[in-house]
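The values are calculated or read from the model by the stated rules, or taken from the named source; none is laboratory data. In this text the structure is predicted, and so the values were computed from the model without any measurement. Here the Cβ positions follow ideal geometry from the backbone for every residue, glycine too, while neighbour counts run over all protein chains shown.
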Amino acid sequence: MMNPALLVIDPQNDFFESDNLNLVEFQRVLPTINDAIAFFKKQNWLVIFIQHTSSKKALGTYAWKIYEGFKFVPEDFQISKRYSNAFWKTKLNSLLKSSQIDFVLVAGFCSEHCVLSTLRGAYERGYKGMVLRDAIASLDDRNTDFVLNISKNLSLDEFLAMIG
C-alpha cells in the first residue's frame with residue numbers, strides 16, 4: 001500500500017501578480033492543484049506547502065505568503081526553502097520519513113527549477129514520485145513541456161486510478 005504526500009511547490013503571492021507574463025497558466029493549473037489538495041486532505045494524507053524564501057520573497061512578506069486561491073489553512077504543513085530542491089537544507093526529508101511517506105506527488109511552480117529539482121531530490125533520497133500533470137507552471141510554457149517530457153507524470157484522474 002502506497003503512503004503518498006502532496007508537495008505544493010512555491011504557491012506564493014509573488015507568482016500571482018500582474019507582472020507574471022504567464023499568469024493565465026498559473027491560474028489555469030490552480031483548480032487541479034486544489035482538487036489534489038482536497039483529495040489528499042480527505043484521505044488524511046500529508047500535504048506540504050513549500051515556500052521559496054529569497055531577498056525578493058523575504059520570510060513573512062506578502063510576496064512570500066501563500067496565495068489566497070489555494071486551499072490552504074494555517075494548520076497545514078509549511079516548509080520554507082532557499083534552494084530549488086525543497087529537500088536541500090530543509091526539514092522536508094525528516095518530515096516525510098517520520099510520516100513513513102514512500103511516494104511524492106509534486107505540483108506547483110516553476111516547473112524547470114523548483115518542481116524538477118524537488119522531484120529529483122526525492123528520487124535521490126529513495127522516494128518514488130511523479131509530477132502532477134496540469135498542476136505545474138512556469139514563466140515559459142516550453143519549460144513546463146520540457147519537464148513533462150523528461151519526468152514521470154500523471155493526471156489527477158490517473159493518480160486516483162493508480163491508488164485504486
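Could you say which residue among ILE50, ILE101 is in contact with an Asp or Glu (Cβ under 8 Å, 6 or more places away or on another chain), surrounded by 13 or more Cβ atoms within 10 Å (Cβ to Cβ) and either in contact (Cβ under 8 Å) with a residue 60 or more places away in the chain or among the polar types (S, T, N, Q) (or both)?
ILE50
Within the range 149-160, residues that are more than 16 Å from GLY108 (Cβ to Cβ) have Cβ atoms under 6 Å from residues that are at pLDDT below 95 and surrounded by fewer than 18 Cβ atoms within 10 Å (Cβ to Cβ) in no pair, counting only partners at least 6 apart in sequence or on another chain.
Of all residues in the range 146-164, which are closer than 21 Å to PRO11 by Cβ and not in a strand (DSSP E or B)? Before the answer, list the steps.
As a first pass, look at the range 146-164 and keep what is closer than 21 Å to PRO11 by Cβ: 147-148, 151, 153-156, 159.
Passing the criteria: VAL147, LEU148, SER151, SER155, LEU156, PHE159.
If you go through the range 1-57 and keep only what is within 23 Å of SER155 (Cα to Cα), in contact with a strand residue (DSSP E or B) (Cβ under 8 Å, 6 or more places away or on another chain) and either of a type in the set (Ser, Thr, Tyr) or in a helix (DSSP H, G or I) (or both), you end up with PHE15, GLU25, PHE26, ARG28, VAL29, THR32, ILE33, ALA36, ILE37, PHE40, LYS41. Candidates TYR67, TYR83, TYR62: the one that is of a type outside the set (D, E, K, R) and either in contact with a Ser or Thr (Cβ under 6 Å, 6 or more places away or on another chain) or closer than 18 Å to ALA122 by Cα (or both) is TYR83. Taking every residue in the range 120-136 that is at negative phi and part of a loop (DSSP other than H, G, I, E, B) and pairing it with any residue that is of a type in the set (Val, Ile, Thr) and surrounded by 19 or more Cβ atoms within 10 Å (Cβ to Cβ), at least 6 positions away or on another chain, the pairs with Cβ-Cβ distances below 8 Å are TYR127/ILE101; TYR127/VAL104.
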